[in-house]
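Take a look at the structure below.
The values are calculated or read from the model by the stated rules, or taken from the named source; none is laboratory data. This is a predicted model, so every value here is computed, not measured. All Cβ positions, glycine included, derive from the backbone under ideal geometry; neighbour counts span all protein chains shown. These accessible areas exclude ligands, DNA and RNA; they are computed on the full protein's heavy atoms, side chains included. Shrake-Rupley method; radii C 1.70, N 1.55, O 1.52, S 1.80 Å.
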Amino acid sequence: MILIDGKKEAALLREELKKEVINLKAKYNKVPGLTVILIGDLTPSQIYVRNKEKSAKEVGLKSEIIKYPENIEEKVVIEKIKELNTNETVSGILVQLPLPKHIDKQKIIEAIDPSKDVDGFHPMNVGNLSSGYESSIPCTPLGCYLLIKKIEPNLSGKKAVIVGRSNLNGKPMTQLLLKENCTVTITHSRTKDLKTECLEADIIVAAVGIPELVKGDWIKKGCIVIDVGINKTDQGIVGDVAFDEVSKNAKALTPVPGGVGPMTIACLLKNTIDCFKRSQI
Ligand code: NAD
């Protein structure tokens with residue numbers, strides 16, 4: 001079984017991006033810029049944002065964090081986003097989720113210029129992705145996609161089962177694999193017989209948030225299994241896939257941690273660079 005090393009793959013991607021930033025600087029005499037807005041003082045969000053800034057600087061991007069207190073008014077955040085939309089030194093804007101309850105997440109997402117939407121959550125980008133046009137792609141599914149392609153470059157005709165239909169993971173993942181000519185089944189909490197669906201799959205992507213939901217006897221021999229889940233348990237952090245059991249049948253499997261997670265931030269940097277490149281045309 002191939003243990004997919006997300007840390008190594010993310011480091012390789014960051015190296016590629018670093019070289020790309022050097023070339024872009026030589027060509028345009030400027031570097032892509034990422035601005036992250038952080039509202040409130042939730043510890044996980046602070047850690048994510050710090051890691052994003054560190055990685056952005058590592059590959060040579062201009063990086064900025066704008067911090068607001070928990071009780072900031074929605075209109076202040078929207079005004080700031082509008083200002084960033086017109087700022088030429090800002091290639092990508094990300095508002096760290098979750099947001100405080102008094103702020104409307106959808107309004108914030110829609111305030112971001114789609115051409116600077118590095119999270120790929122703006123309806124315009126969602127629509128472009130599902131129509132097969134160029135768009136920003138949500139970072140986690142993009143990371144999963146790149147990991148799958150490393151294992152199996154030709155996905156045409158493969159049967160993929162996506163477990164979970166969130167806007168963040170399951171739905172964009174479906175679109176990415178459809179574009180590769182996979183036959184895709186998207187499953188969710190009302191799916192009648194998840195085991196039978198999974199047993200058909202050449203590729204499984206699990207993004208559910210239930211510890212070790214996907215079992216060893218749900219896996220066809222040779223299946224590629226990507227585990228997006230991050231679940232805190234008494235035994236530590238585990239994924240949505242029962243790792244030990246599934247590793248007996250899978251052709252390739254991502255560990256948790258150290259699988260999909262590291263790719264997510266690397267893909268954010270990729271998206272920032274791609275937004276910059278599109279803005280220079
Ligand atoms: P979500 O809660 O938005 O969606 C979960 C989905 O799972 C829903 O569509 C629901 O219908 C489905 N579901 C629930 N119970 C099910 C069941 N019994 N069978 C089949 N489907 C079921 O979750 P999300 O935001 O997509 O996150 C999923 C997991 O991925 C979480 O553990 C989250 O922490 C993790 N995550 C990891 C990364 C990363 O970088 N690795 C990024 C984002 C989210």
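Among the listed pairs Lys192/Lys220; Lys192/Lys221; Lys67/Lys270; Lys52/Lys107; Lys30/Lys67; Lys8/Lys30, a Cα-Cα separation exceeding 27 Å is found for Lys8/Lys30. In the chain, the longest principal axis of the Cα atoms and the axis of helix 43-58 are about 70 degrees apart. Rounded to the nearest 10 degrees, the inclination of helix 6-28 to the longest alpha-carbon principal axis of the chain is 30 degrees.
Kindly express, to the nearest 10 degrees and within the range 0 to 90, the angle between helix 74-85's C-alpha long axis and the longest C-alpha principal axis of the chain. Once rounded, the angle reads 80 degrees.
For the chain, the solvent-accessible area with a 1.4 angstrom probe is 50 square angstrom per residue. Run the simple label-point estimate for Arg50 and Glu88 please: 7 Å along Cα→C-beta, distance reported in nm. So the label points at Arg50 and Glu88 sit 3.6 nm apart. Unpaired Cys in the chain, meaning no second Cys C-beta under 4.7 Å: Cys144, Cys182, Cys198, Cys223, Cys275.
Taking all protein chains together and rolling a 1.4 Å probe, Arg165 ends up with roughly 110 Å² accessible.
Rounded to the nearest percent, how much of the accessible area of the stretch 51-163 (1.4 Å probe, protein heavy atoms only) is carbon and sulfur? Summing carbon and sulfur atoms, their accessible area is 51 percent of the total for the stretch 51-163. Of the solvent-accessible surface of the stretch 200-281, computed with a 1.4 Å probe over protein heavy atoms with every protein chain present, carbon and sulfur atoms account for 54 percent.
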